[in-house]
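Written out below as structure tokens is the structure these notes cover.
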Amino acid sequence: MGLLVLIVEHEVVLARAIVTFLERHGLATVSAHSGEEGLRLAEETSPDVAIVDIRLPGVDGLEVLRELRAGSPGTEVIMTTAHASVASALEAMKLGAFDYLTKPVDLDKLCVVIDKAASDQRMRRELSYLRRRDADGGGAGEIVGASPVMRALRGQIERVASLDGAETGGPTILVRGETGAGKEMVARAIHARSPRAAGPFVEINCAAIPASLLEAELFGHEKGAYTDAKAGKAGLFEAADGGTLFLDEIGHVDVAIQVKLLKAIEEKSVRRIGAVRPKKVNARIIAATNRDLEAAVAEGAFRADLYYRIHALTIEVPPLRSRGDDVLILAEHFLDATSRRYGLPTRALSPEARAALLAYPWPGNVRELAHMMERALLLHGDGEITAEQLGLAARRAAAPVVVERDGTVSVDFSSGPIVLEDVERRLITAALRSADWNRGRAAELLGISKETLRYRVEKFDLRPPP
């Protein structure tokens with residue numbers, strides 16, 4: 001197993017027997033016959049597992065346990081004693097002992113317990129690593145960009161992350177933005193900055209799972225709830241208890257499931273399919289969508305009560321094309337990350353490549369940029385990365401021409417790639433001007449609801465001239 005085991009045992013014969021047995025099974029050992037000596041060896045060797053007699057001369061075994069838990073938290077401690085009592089066993093377990101064995105020690109059983117302790121230790125280390133990785137990859141510090149909109153976004157993340165109730169899970173958050181803009185990254189950043197950072201971050205893409213399976217995934221099921229339910233299974237709400245549940249693409253949830261979803265969010269409890277009683281769940285809910293929820297509500301495709309429940313606290317993730325020079329900062333960030341991941345030398349962008357990156361409208365947002373940088377680095381050799389290697393050399397650098405005149409919007413499709421958001425902004429501006437900035441009349445001109453127009457006006461920060 002490649003482990004180092006510390007034996008702290010005042011009975012010299014027993015200590016030697018344990019050492020001999022464990023070394024025959026491939027374990028490295030160090031031994032001490034007093035508590036003081038055991039603590040000194042623990043500090044010098046950082047053992048994976050310690051076997052400690054509860055009755056030691058000088059510093060007793062419980063004190064050794066306390067010191068090991070404080071100074072060497074990565075060491076699993078197994079207590080032994082010839083005078084077993086319920087009180088001593090409870091005290092040892094409360095202090096953090098992994099297990100408690102009575103003498104004479106069954107050496108085969110001891111070996112099994114050491115193996116279990118090692119497995120538990122590996123799992124905790126892996127979990128700690130995954131949580132650190134999530135925090136590093138999803139913390140607000142990794143929301144890359146220096147533009148004003150990204151600085152504002154980081155500020156919003158910090159504020160909403162702190163709004164967390166120990167019992168309620170904090171307010172539900174809706175993250176809005178285009179596909180590939182980084183909605184999941186924002187959700188992970190909120191989780192990493194919140195008091196729930198040590199808890200699980202559970203995510204589900206609601207658009208990727210058929211409606212017939214989504215309910216069981218979210219809420220779980222009991223054994224025999226349906227034909228293939230051979231055993232009970234906890235849903236993702238339960239899995240996220242103590243942490244965060246991220247419902248990506250919530251706008252695509254079937255209307256029939258939205259009723260149960262609303263109830264779970266409001267009452268912080270879920271009832272598995274086939275269950276009689278609900279279970280309380282303490283999880284923060286973050287939802288995300290690229291869908292126009294206001295239009296979906298008007299069409300009857302999204303419940304108004306669920307919309308108003310999740311819409312109270314909204315974060316907008318800006319598209320990449322609105323972030324200015326952040327495109328270059330992100331490009332270099334992705335190049336560096338890809339170089340480290342594959343052990344390749346770091347390469348710089350040529351001036352032409354930088355200009356092409358700034359001119360491109362990025363319909364696929366940050367995700368498209370990340371894939372472009374990875375592809376260029378992996379498929380081409382040394383030297384600066386060129387516009388040709390990015391696949392941008394043949395693209396027109398000129399921005400598309402969108403003209404609004406006398407309430408009519410026209411687009412010159414020959415001048416470059418079209419950014420639909422620009423067209424939408426001009427259309428809404430033209431309608432508002434034609435209606436003298438009366439939103440009710442402008443909504444009628446556009447054929448959309450007042451709520452949808454209100455959202456668009458806020459999104460584009462449109463205001464009447466002074």
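Each residue in the range 33-60 was checked for being open to solvent by 70 Å² or more (accessible area, probe 1.4 Å), closer than 23 Å to K109 by Cβ and either modelled with pLDDT under 85 or in a helix (DSSP H, G or I) (or both), and 0 of them qualify. Has the range 181-201 got at least one residue that is outside any helix (DSSP H, G or I), among the charged types (D, E, K, R) and closer than 16 Å to R284 by Cα? Checked against the condition, which is being outside any helix (DSSP H, G or I), among the charged types (D, E, K, R) and closer than 16 Å to R284 by Cα, the range 181-201 yields at least one hit. The residues on offer are E352, E368, and the sole one that is open to solvent by 60 Å² or more (accessible area, probe 1.4 Å), closer than 15 Å to G391 by Cβ and not in a loop (DSSP other than H, G, I, E, B) is E352.
Taking the range 240-256 as the range and being within 24 Å of the chain's Cα centre (by Cα) and under 20 Å from A207 (Cα atoms) as the test, the residues that pass are A240, T244, L245, F246, L247, D248, E249, I250, G251, H252, V253. The set of residues in the range 257-288 being of a type in the set (V, I, T) and over 12 Å from I204 (Cα atoms) consists of I257, V259, I265, V270, I273, V276, V281.
Screening I329 on (1) closer than 21 Å to G177 by Cα; (2) open to solvent by 80 Å² or more (accessible area, probe 1.4 Å) shows it passes everything except condition (2). Against the conditions (1) assigned to a helix (DSSP H, G or I); (2) surrounded by 15 or more Cβ atoms within 10 Å (Cβ to Cβ), F302 satisfies every one except (1).
All of E76, E67 fail the test of being at pLDDT 85 or above, among the acidic types (D, E) and open to solvent by 60 Å² or more (accessible area, probe 1.4 Å), apart from E67. Can you give me the number of residues within the range 1-32 that are among the β-branched types (V, I, T) and part of a strand (DSSP E or B)? Total satisfying the criteria: 5.
Of the residues that sit in the range 107-117 and are charged (D, E, K, R) and modelled with pLDDT under 90, which one is most open to solvent (accessible area, probe 1.4 Å)? Among them, the one singled out is K116.
The criterion of at least 2 residues that are touching a Cys at 6+ places or on another chain (Cβ under 9 Å) and open to solvent by 10 Å² or more (accessible area, probe 1.4 Å) is met by none of the helices (runs of 4 or more DSSP H) wholly inside the range 213-299.
Annotation note: of I143, I157, the sole residue that is more than 27 Å from L262 (Cα to Cα), buried (at least 18 other Cβ atoms within 10 Å of the Cβ), among the hydrophobic types (A, V, I, L, M, F, W, C) and modelled with pLDDT of 75 or more is I143. Tell me, please, whether a residue that is small (G, A, S) and modelled with pLDDT of 90 or more can be found in the range 275-286. The answer is yes, given that some residue of the range 275-286 is small (G, A, S) and modelled with pLDDT of 90 or more.
Scanning the range 305-318 for residues that are open to solvent by less than 30 Å² (accessible area, probe 1.4 Å) and under 22 Å from the mean Cα position of the chain (by Cα) returns I310, I315, V317, P318. Listed by first and then second residue, the pairs linking a residue in the range 91-117 that is closer than 18 Å to A15 by Cα to a residue that is hydrophobic (A, V, I, L, M, F, W, C) and open to solvent by 70 Å² or more (accessible area, probe 1.4 Å), with Cβ atoms under 7 Å apart and 6 or more places separating them unless they lie on different chains, are Y100/M93.
The values are calculated or read from the model by the stated rules, or taken from the named source; none is laboratory data. Given the structure is predicted, the values throughout are model-derived calculations rather than measurements. All Cβ positions, even for glycine, are placed from backbone atoms using ideal geometry, and neighbour counts span all protein chains on display. Only protein heavy atoms, including side chains, enter the accessible area calculation; ligands, DNA and RNA are left aside. Shrake-Rupley method; radii C 1.70, N 1.55, O 1.52, S 1.80 Å.
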